[in-house]
Amino acid sequence: MENSQEIKIGKGLNTVLFGISRDTFKKQMGEPTEIDAYDAGEDDNEYLTEAWHYDNLEISASFDEEDDWRLTTLSTSADYATLNGKKLIGLTVEELKEVVAPLELEEPEIEELEDNQTLVSYLASCINFWFENGKLSEVQWGVQWKDEDTPKWPVAVI
């Protein structure tokens with residue numbers, strides 16, 4: 001996967017699809033550099049999440065207990081990551097909007113954060129773009145949802 005990261009909204013990255021098990025992911029990607037486990041729920045609805053980090057690929061993958069430890073979220077900061085065939089990292093918000101326009105996504109929500117950070121979110125499409133000092137630094141995207149509790153897996157979950 002090195003030097004090739006095509007982001008597929010709602011589906012995954014290259015041939016890695018949301019909904020696969022941790023074992024399948026490990027077979028495709030190899031051993032992670034680091035694994036973080038934490039409570040991800042709010043209030044009494046806590047559930048465990050594992051984030052697997054691959055430093056050499058600049059990728060992180062999240063697996064949620066409440067979704068039977070299936071792949072639910074990916075993020076990348078690799079400068080060769082692409083969306084719709086266009087490289088993303090380093091773009092401005094306006095340049096990103098031009099790249100995303102042909103995909104006909106919903107209007108983004110734009111939030112100015114502390115420390116010169118900006119978050120551009122396409123909530124219905126489950127994709128977030130993180131900017132630092134006006135330049136895109138990370139893309140985070142996940143499985144899309146039928147409703148609040150039911151993911152639309154792009155693969156048959158067995």
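The values are calculated or read from the model by the stated rules, or taken from the named source; none is laboratory data. All values derive from a computational prediction rather than experimental measurement. Quick reminder, even Gly has a Cβ in these numbers, built from the backbone with ideal geometry, and neighbours come from all protein chains shown.
Some notes on this structure:
- Any hit, the range 22-31, residues being in contact with a Phe, Trp or Tyr (Cβ under 8 Å, 6 or more places away or on another chain), farther than 19 Å from residue 142 by Cβ and touching a residue at least 40 places away in the same chain (Cβ under 8 Å): no
Quick grid of which residues meet (1) more than 25 Å from residue 120 (Cβ to Cβ); (2) surrounded by fewer than 15 Cβ atoms within 10 Å (Cβ to Cβ); (3) modelled with pLDDT of 95 or more:
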{"residue": "8", "(1), (2), (3)": "no, no, yes"}
{"residue": "23", "(1), (2), (3)": "yes, yes, yes"}
{"residue": "39", "(1), (2), (3)": "yes, yes, no"}
{"residue": "44", "(1), (2), (3)": "yes, yes, no"}
{"residue": "82", "(1), (2), (3)": "no, no, yes"}
{"residue": "91", "(1), (2), (3)": "no, no, yes"}
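- Residue under evaluation residue 74, criteria (1) more than 19 Å from residue 129 (Cα to Cα); (2) modelled with pLDDT of 95 or more, criterion not met: (1)
- Positions within the range 126-138 being assigned to a loop (DSSP other than H, G, I, E, B) and closer than 20 Å to residue 9 by Cβ, in sequence order: 126
Each row is one residue, and each column tells you yes or no for (1) free of Cβ contacts under 8 Å to residues at least 40 places away in the same chain; (2) touching a helix residue (DSSP H, G or I) at 6+ places or on another chain (Cβ under 8 Å); (3) aliphatic (A, V, I, L, M); (4) not in a strand (DSSP E or B).
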| residue | (1), (2), (3), (4) |
| --- | --- |
| 102 | yes, no, no, yes |
| 115 | yes, no, no, yes |
| 120 | yes, yes, yes, no |
| 124 | yes, no, yes, yes |
| 140 | no, no, no, no |
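- Residue in the range 51-67 that is crowded, with 16+ Cβ neighbours inside 10 Å, on the phi > 0 side of the Ramachandran plot, under 16 Å from the mean Cα position of the chain (by Cα) and not hydroxyl-bearing (Ser, Thr, Tyr) present: yes
- Unique residue being of a type in the set (A, V, I, L, M, F, W, C) and modelled with pLDDT under 95 when the list is 130, 145: 145
- Cross-chain or 6+ apart pairs with Cβ under 8 Å, the range 142-153 first and in contact (Cβ under 8 Å) with a residue 12 or more places away in the chain, then small (Gly, Ala, Ser) and assigned to a loop (DSSP other than H, G, I, E, B): 143/19; 144/124; 144/125; 151/19; 153/19
- Once the range 25-37 is narrowed to residues that are touching a strand residue (DSSP E or B) at 6+ places or on another chain (Cβ under 8 Å) and part of a loop (DSSP other than H, G, I, E, B), the residue that is surrounded by the most Cβ atoms within 10 Å (Cβ to Cβ) is 32.
- The set of residues from the range 63-107 being closer than 20 Å to residue 4 by Cα and of a type in the set (Gly, Ala, Ser) comprises 75, 77, 78, 81, 85, 90.
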